[in-house]
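The values are calculated or read from the model by the stated rules, or taken from the named source; none is laboratory data. Here the structure is a predicted model, which is why all the values come from computation and not from measurement. With ideal geometry, Cβ positions are generated from the backbone for all residues, glycine too; neighbour counts draw on all protein chains shown.
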Amino acid sequence: MIRISELKLPLERLFTNPSLESTWTRDAQNLNTSQWLTAQTGTETSPQDASSFIDPNAPQALQQLLFQTLGIAKDDVAQLKVFKRSFDARKTPLQVVYIVDMRLRDAALEHLLLGQKFPVVQLLLSPDMTWSPEVHLSPLQRSALNALPSSFSSSSNPSTTLSSPKAAEHAFAVWSPSAFDDASKIGHLKASFFDPLFSIASLSTHELQAHRPVVVGFGPCGMFAALILAQLGLKPIVIERGRKVRERTKDTWGLWRKGVLQTNSNVQFGEGGAGTFSDGKLYSQIKDPRFLGRKVMHEFVKAGAPEEILFAAHPHIGTFKLVKVVEHLREQIISLGGDIRFEQQLMDMDFETTQSIPSKTRTSSQTRRIKSALIFDQATQSSYTLQCHHLVLALGHSARETFAKLFELDVPMKAKPFSVGFRIEHPQSLIDQARWGKHAGHPLLGAADYKLVHHAKNQRSVYSFCMCPGGTVVAATSEAARVVTNGMSQYSRNERNANAAIVVGIEPEDFQAQQTQIEEAFQDELQRQMPGTRTLNLNSPPKGHGAPLDPSWVHPLSGVVLQRRLESEAYVLGGESYHAPAQLVGDFLKDQASSAFAEVLPSYQPGVRLTDLSAALPSYAIQAIREALPVFGQKVSGFDLPGALLTGVETRTSSPLRMLRDETLQSTGVFGLYPAGEGAGFAGGILTAAIDGIKVAEALASDVLQTCVLVNP
């Protein structure tokens, strides 16, 4: 299959009849290929014809451009699939840019085209984006595999031979007990299982329940970690402190409509994680050589997400659709043997001492391995011990009291940069006009977005974050007497306002807190969140967290202290009722309090209180944002509209700390513990968190696989 990129068409050329654009778009999204062909041609097609025909998302003008550019006929094409569609509004007329995958009926013609150069488009072989688990073998296993004859093949995959190191690894990368049975039948190998987790065939039901991998947190990271573990046959147990997504939705609306906060069921906590109440954006700028993002997209589509997310340049799902997607993913995990427990919270962990091979991240030959986890059941108000040798920490960026407990347990972590700022709202029509010009309102384009950055004179970076076209600003606190903002959109993105966070990057040295401040910030909060918990020792531990005697060392929990202080001050500025403080852009630039709304009415619920935001953030952040807004107005006309509205505060852009992990993705201080996702500081957004969940699940499964010792007879 060939991938053709840089196929550009003026927007006007996509359709011969502009009045049919919305109908075509709807049909292309909702009909399968056979139905779409019948609707267009009036001729019934067989499933075989439909499966080999052209993707209905490839309009006729695109097909014509492709055939003319490459000098081929339509009959030469066996399959055509749109891989990506984006828009380039930098020049007039606005261009629609496509990347397509094409398979020709004649393989020789494909080879001929790949050997040619074309002046406009680029041709490459389409990469194989099929997901297969990553395999990490121990030195002992690798030595055993290297000793095998090249003719070896697995009975579960007879075509697999040891012709390459990668093939050798995948000969044993069949993640079910039968794979080990196959290996034990080969005369060159003997399988010995010394870790109880993988003596699956001999375990009783009770033993299997006690030694399954545990995933803490059921946001995007935890959900995909659990899904992959379930697909690999490991039957994970998921612990989620919040409620199921529909119950959680009711609790969240309770804060928005009535000002009643449920501290364990809100925008931050509950099934689906913080991403459920957002724009549902599914794109990132991370490198993804294994196309794990594609795996995420396909799983979302299988669970009911629109197929458009597979080719849209900036795919999104939206909150209402995400609710159903999350439920379907939960059902799949359960159907594969997973166990998902809601309203359960990680309280403590117990460890055992084990031996390790020194590495770049582990200099000692002795280390700890997780032995069990203490779980608090909110329904019964009681705790129970869960035996486990592998635990994924997919906490999310707001599990602050759990961060403190992990710090006390000497799970290595360090302070990391994050950002703070405000939400800004404009009329969506203003953004559409600035971005799309005369094409504003075109049904294919939808609501316009933007991405802005400015490097201020005080050396601070100001940038837009989590832009929500046609959306609303939402209350996102998870703690009492604090105000936090976030943005949310539905799939339609048809609300009157556009909103985004305008935030300033801050470094650990900006928020270094004193020991007494850290202790005061956590002790009372911990007692409210984890009743009966003993007093924490938050003094600098001697291990794991850096060098406390180093003057530049910053306590890993310092960022949480700053976040809580800003959120508490926002609560006071808003009138101590979960209303958020707000100010018009024009007044903010003039350094004067606002008293009346102008062009933009706030979307934030329970409501806003107009005030002066100059005291809501550190002075360097206020100074940088004041400098950036007029600059952004030069990039997006009208961005510094005096009547636009700023709402505060945005503090949870990312985790303020990072939990350290090694090359196997395990904690550098605890074997079997896998810090993952946003809360551990390794992701930012739904897609990157889900990808990290996949990687961690693979690493965990590999660690289980490495308990199988392969020896010569």
Legend entry - Those residues of the stretch 376-390 which are in contact (Cβ under 8 Å) with a residue 12 or more places away in the chain, part of a loop (DSSP other than H, G, I, E, B) and surrounded by fewer than 19 Cβ atoms within 10 Å (Cβ to Cβ), in sequence order: 378, 379, 381
Inset, instruction - Quick one: count up the residues across the stretch 56-81 that are in a loop (DSSP other than H, G, I, E, B) and in contact (Cβ under 8 Å) with a residue 40 or more places away in the chain. - result: 4
Inset, instruction - State the number of residues belonging to the stretch 651-691 that are in contact with a helix residue (DSSP H, G or I) (Cβ under 6 Å, 6 or more places away or on another chain) and within 20 Å of residue 228 (Cβ to Cβ). - result: 13
Legend entry - Index of the failed condition, residue 674 passing every other in (1) assigned to a loop (DSSP other than H, G, I, E, B); (2) within 25 Å of residue 274 (Cβ to Cβ); (3) aromatic (Phe, Trp, Tyr): (1)
Legend entry - Scan of the stretch 455-474 for residues that are touching a helix residue (DSSP H, G or I) at 6+ places or on another chain (Cβ under 7 Å) and either crowded, with 17+ Cβ neighbours inside 10 Å or within 24 Å of residue 12 (Cα to Cα) (or both), ordered by number: 456, 460, 462, 469, 470, 474
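Residue-by-condition table, conditions (1) over 38 Å from the mean Cα position of the chain (by Cα); (2) at pLDDT 80 or above; (3) over 30 Å from residue 225 (Cα atoms); (4) buried (at least 17 other Cβ atoms within 10 Å of the Cβ):
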{"position": "118", "(1), (2), (3), (4)": "no, yes, yes, no"}
{"position": "153", "(1), (2), (3), (4)": "no, no, no, no"}
{"position": "160", "(1), (2), (3), (4)": "no, no, no, yes"}
{"position": "163", "(1), (2), (3), (4)": "no, no, yes, no"}
Inset, instruction - Pull up the stretch 102-111, narrow it to residues that are of a type outside the set (Lys, Arg) and touching an Asp or Glu at 6+ places or on another chain (Cβ under 9 Å), then point me to the one that is nearest to residue 66 (Cα to Cα). - result: 102
Inset, instruction - Can you work out which of the residues in the stretch 1-16 that are modelled with pLDDT of 90 or more and not in a strand (DSSP E or B) is nearest to the chain's Cα centre (by Cα)? - result: 1
Inset, instruction - Output the residue which, of all residues in the stretch 422-454 that are surrounded by 19 or more Cβ atoms within 10 Å (Cβ to Cβ) and either basic (Lys, Arg) or not assigned by TED's automatic domain parsing to the domain that holds residue 494 (or both), is farthest from residue 613 (Cα to Cα). - result: 435
Inset, instruction - Return a yes/no flag: does the stretch 641-664 have any residue that is farther than 30 Å from residue 407 by Cβ and of a type in the set (Gly, Ala, Ser). - result: yes
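So that you can scan it fast, the table gives a plain yes or no per residue for (1) crowded, with 21+ Cβ neighbours inside 10 Å; (2) under 18 Å from the mean Cα position of the chain (by Cα); (3) touching a residue at least 24 places away in the same chain (Cβ under 8 Å):
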| residue | (1), (2), (3) |
| --- | --- |
| 228 | yes, yes, yes |
| 239 | yes, no, yes |
| 243 | yes, no, yes |
| 249 | no, no, yes |
| 252 | yes, no, yes |
| 262 | no, no, no |
| 268 | yes, yes, yes |
| 276 | yes, yes, yes |
Inset, instruction - Look through 623, 592, 634 and report the one residue that is farther than 19 Å from residue 505 by Cβ, at pLDDT 95 or above, surrounded by fewer than 23 Cβ atoms within 10 Å (Cβ to Cβ) and under 32 Å from the mean Cα position of the chain (by Cα). - result: 634
Inset, instruction - Starting from residues that are surrounded by 24 or more Cβ atoms within 10 Å (Cβ to Cβ) and in contact with a Gly (Cβ under 6 Å, 6 or more places away or on another chain), keep the ones in the stretch 475-501 and report whichever is farthest from residue 449 (Cα to Cα). - result: 483
Inset, instruction - Looking for whichever is in the same structural domain as residue 319 (by TED's automatic domain parsing), buried (at least 24 other Cβ atoms within 10 Å of the Cβ) and modelled with pLDDT under 95 here; the options are 234, 203. Which one fits? - result: 234
Inset, instruction - Please enumerate the residues belonging to the stretch 605-620 that are in contact with a helix residue (DSSP H, G or I) (Cβ under 9 Å, 6 or more places away or on another chain) and buried (at least 20 other Cβ atoms within 10 Å of the Cβ). - result: 611, 613, 616, 617
Legend entry - Any chance residue 437 is more than 22 Å from residue 284 (Cα to Cα), outside any loop (DSSP other than H, G, I, E, B) and over 24 Å from the mean Cα position of the chain (by Cα): yes
Inset, instruction - Please give the strands (runs of 3 or more DSSP E) falling wholly within the stretch 237-355 in which 1 or more residues are in contact with a helix residue (DSSP H, G or I) (Cβ under 6 Å, 6 or more places away or on another chain) and among the charged types (D, E, K, R). - result: none
Inset, instruction - Inspect all residues belonging to the stretch 68-83 and state whether any of them is surrounded by fewer than 16 Cβ atoms within 10 Å (Cβ to Cβ), among the aliphatic types (A, V, I, L, M) and out of contact with any Lys or Arg (no Cβ under 8 Å at 6 or more places or on another chain). - result: yes
Inset, instruction - Given the conditions (1) of a type in the set (D, E, K, R); (2) modelled with pLDDT under 95; (3) within 13 Å of the chain's Cα centre (by Cα), report the number of the one that residue 662 does not fulfil. - result: (3)
Inset, instruction - Taking only the stretch 310-341 into account, find how many residues are more than 23 Å from residue 240 (Cα to Cα) and surrounded by fewer than 21 Cβ atoms within 10 Å (Cβ to Cβ). - result: 6
Inset, instruction - Scan the stretch 469-527 for residues that are among the aromatic types (Phe, Trp, Tyr) and either at positive phi or at pLDDT below 90 (or both) and jot them down. - result: 491, 522
Inset, instruction - Filter the stretch 637-675 down to residues that are acidic (Asp, Glu) and out of contact with any Gly (no Cβ under 9 Å at 6 or more places or on another chain) and give me whichever is surrounded by the most Cβ atoms within 10 Å (Cβ to Cβ). - result: 662
Inset, instruction - Name the one entry in 500, 447 that is under 30 Å from residue 402 (Cβ atoms) and either assigned to a helix (DSSP H, G or I) or among the hydrophobic types (A, V, I, L, M, F, W, C) (or both). - result: 500
